[in-house]
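Novice: Can you keep this structure in mind? I'll have questions shortly.
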């Protein structure tokens, strides 16, 4: 019995229609979260997030006498510009099953980011981040149900 090199065997099989793999099924319909499903979905989602979270950060950190309103607003914009695209595009790839763990990670990341810049009460920053992100998620869900996102 003669043994053929693997490359020759593959070349011969390439011409045999019985050995070709069947075409793949069409991809599933993209989720509404997928950036291709809704035009301008990401900029709209970022705008909703900033519209909800910035006033919460600014008001909370001002009342707690941690920062002025302007500096707290700038801090909120900064941490959201870091975490929001990571969450948005991460969930586009990972799927909705990761939504709750991803949001929890964002709350922690935003609080830690604020703490690294301010070196103030981490518990307060965690509560502000949790409150702001909860409100943002609820606003995003409402916008999604209304068909905006």
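Please treat every number below as a calculation from the coordinates, not as lab data. Computed from a predicted structure; not experimentally measured. Cβ placement follows ideal geometry from the backbone for every residue including glycine, while neighbour counts extend to all protein chains displayed.
Novice: Mind ordering 104-113, 134-143, 89-98 by average Cβ neighbours within 10 Å, highest first? Mind showing how you got there, number by number?
Specialist: Working: 104-113: 18.2, 134-143: 15.1, 89-98: 12.6.
Top of the packing list down: 104-113, 134-143, 89-98.
Novice: What nm value, rounded to one decimal, do you get for the distance between residue 46 and residue 131 when each label is placed 7 Å out toward the C-beta?
Specialist: 2.7 nm
Novice: Shifting gears a bit: Sort 120, 65 so the one with the fewest other Cβ atoms within 10 Å of its own Cβ comes first.
Specialist: 65, 120
Novice: A further question follows. Quick one: Cα centre-to-centre distance for the range 94-140 and the range 45-72, in angstrom?
Specialist: Between the Cα centres of the range 94-140 and the range 45-72 lies a distance of 13 Å.
Novice: Only Cα pairs under 8 Å and at least 6 apart count here; give the relative contact order of the range 41-145 as a rounded whole percent.
Specialist: Averaging sequence separation for qualifying contacts and normalising by length gives 33 percent for the range 41-145.
Novice: Name the residues of the range 82-108 whose amide N is less than 18 Å from a point 7 angstrom out from the Cα of residue 122 along the C-beta direction?
Specialist: Hits in the range 82-108 for residue 122 at 18 Å: 104-108.
Novice: Determine the gain in length on full extension of the stretch residue 98-residue 142; use 0.36 nm per residue of separation and subtract their C-alpha separation, reporting nm with one decimal.
Specialist: Between residue 98 and residue 142, full extension yields 13.9 nm more.
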